[in-house]
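Nothing in this text is a laboratory measurement; each read-out follows from the coordinates by a stated rule. Predicted model only: the values in this text are computed from it and were never measured. Methodologically, a virtual Cβ is constructed for each residue, glycine included, from the backbone with ideal geometry; neighbour enumeration extends over all protein chains shown.
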Amino acid sequence: MRYIGSKVLLLEQIEKIIKDKAVGANSFCDIFSGTSTVARYFKKDFEIISNDLLHLSFVLQKAIIENAEYPKFKNIINYLGKDPFDYLNDLEINLSMIQSTPFIYENYSPNTKSDRQYFSNENALRIDYFRQTIEEWKENNLLEDNEYYYLLAGLIEAIPFVSNIAGTYGAYLKHWDSRALKRLELIKLETVSNNKNNQSFNKDSNELIKEIKGDILYIDPPYNKRQYAPNYHVLETISRYDNPVITGVTGMRPYKELKSKYCVAKDVLNSFTDLIKNANFKHIIFSYSTEGIMSIEEIENVLKKHGIKESYQLTKIPYRRYKHRAGDVEHDLHELLFYIEKEVKC
Ligand SMILES: C[S@@+](CC[C@H](N)C(=O)[O-])C[C@H]1O[C@@H](n2cnc3c(N)ncnc32)[C@H](O)[C@@H]1O
């Protein structure tokens, strides 16, 4: 999934630090997991803990991190006589098939109730039907927990491919992008087996950190004032499917509880300090940007205060995506990867 701050392009650099510094480590925690790209990549090597404040991320994590293989779907296959992905993808949906309020159709596609153009009418109905059906199957014990999250993640992952947006859900396009007119089809996500007890959470990182321990902690918080919840509000609502009271041109759900202190200038340093102080992990890798709210000096001070000073290391990686702009002068923008070793409590 396209996601602000996704670290798809940084995996090799992170791996290099791990190979250099954390030989013998067994566990890896991705505490700001987003798309789960980082946790998924390192699942081949480590027992994984993953976490994020957003429910949409939690669903992806449950599907990819906790599942070791494509779920068996025994009960639902018995019931339907076929694989649930094939069953849902083959359906033609119309309004009369939807049992509860078609929340996405009514609020995020253009009709008598809304002007919003996030989805075509056909795809909005598909989203409502798929989402309600998956919930109903779970309530009727036709899906195990892991099967439920795997199907739901297949929906979450598929939606950006048919969304009429320029990148995030902060706004919809006024014209119809050709992608949005394609038919929504659920996606089967790839799973990796590592024969370990991998765990996913949906908590504030600063709360979770007090409850966990392990070898490697990877920290990738937001680095600027741009909150994630408003930028992904439609996906979050589909993930939760909780019929929120929405407002404004974009139909925003309330997101007070989902606001991150890492996006707030007056709070971020305290939150970061608290996280590092409470981390019961031997190796800490911290992703940030030269454009971030905290300065390199501030970060360095915190890491050295709570870790082993001599182990401190900073790797600067030029932002690749900025290099290719026409007539671009080399910018002084860098992704930052900090490393510190900590004395850990047993
Ligand atoms: C830079 S993104 C992570 C990207 C991720 N590494 C990837 O490759 O997709 C930051 C993530 O932190 C989450 N987040 C922000 N504040 C949080 C908090 N206090 N606790 C847990 N997650 C938080 C956001 O929801 C967002 O998904």
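The set of residues in the range 1-36 that are touching a strand residue (DSSP E or B) at 6+ places or on another chain (Cβ under 9 Å) and among the β-branched types (Val, Ile, Thr) comprises ILE14, ILE17, ILE18, ILE31.
Would it be correct to say that ILE14 is of a type outside the set (Gly, Ala, Ser), within 7 Å of the ligand (Cβ to nearest atom) and under 23 Å from ILE276 (Cβ atoms)? Answer is no for this residue. Could you go through the range 19-27 and let me know if any residue there is surrounded by 14 or more Cβ atoms within 10 Å (Cβ to Cβ) and either closer than 29 Å to GLY170 by Cα or within 8 Å of the ligand (Cβ to nearest atom) (or both). The answer is no, given that none of the residues of the range 19-27 is surrounded by 14 or more Cβ atoms within 10 Å (Cβ to Cβ) and either closer than 29 Å to GLY170 by Cα or within 8 Å of the ligand (Cβ to nearest atom) (or both). If you go through the range 103-154 and keep only what is among the hydroxyl-bearing types (Ser, Thr, Tyr) and either touching a Gly at 6+ places or on another chain (Cβ under 9 Å) or closer than 18 Å to TYR79 by Cβ (or both), you end up with TYR108, SER114, TYR118, TYR129, THR133, TYR148, TYR150. Only one entry in TYR218, TYR262, TYR223, TYR228 is hydroxyl-bearing (Ser, Thr, Tyr) and either surrounded by fewer than 22 Cβ atoms within 10 Å (Cβ to Cβ) or on the phi > 0 side of the Ramachandran plot (or both), namely TYR223. Applying the criterion of being within 13 Å of SER239 (Cβ to Cβ) and out of contact with any helix residue (DSSP H, G or I) (no Cβ under 7 Å at 6 or more places or on another chain) to the residues of the range 158-180, the residue that is surrounded by the most Cβ atoms within 10 Å (Cβ to Cβ) is ALA158. Taking the conditions (1) without any contact (Cβ under 8 Å) to a residue 60 or more places away in the chain; (2) in contact with a Lys or Arg (Cβ under 6 Å, 6 or more places away or on another chain); (3) buried (at least 22 other Cβ atoms within 10 Å of the Cβ) in turn, PRO102 satisfies each one other than (2).
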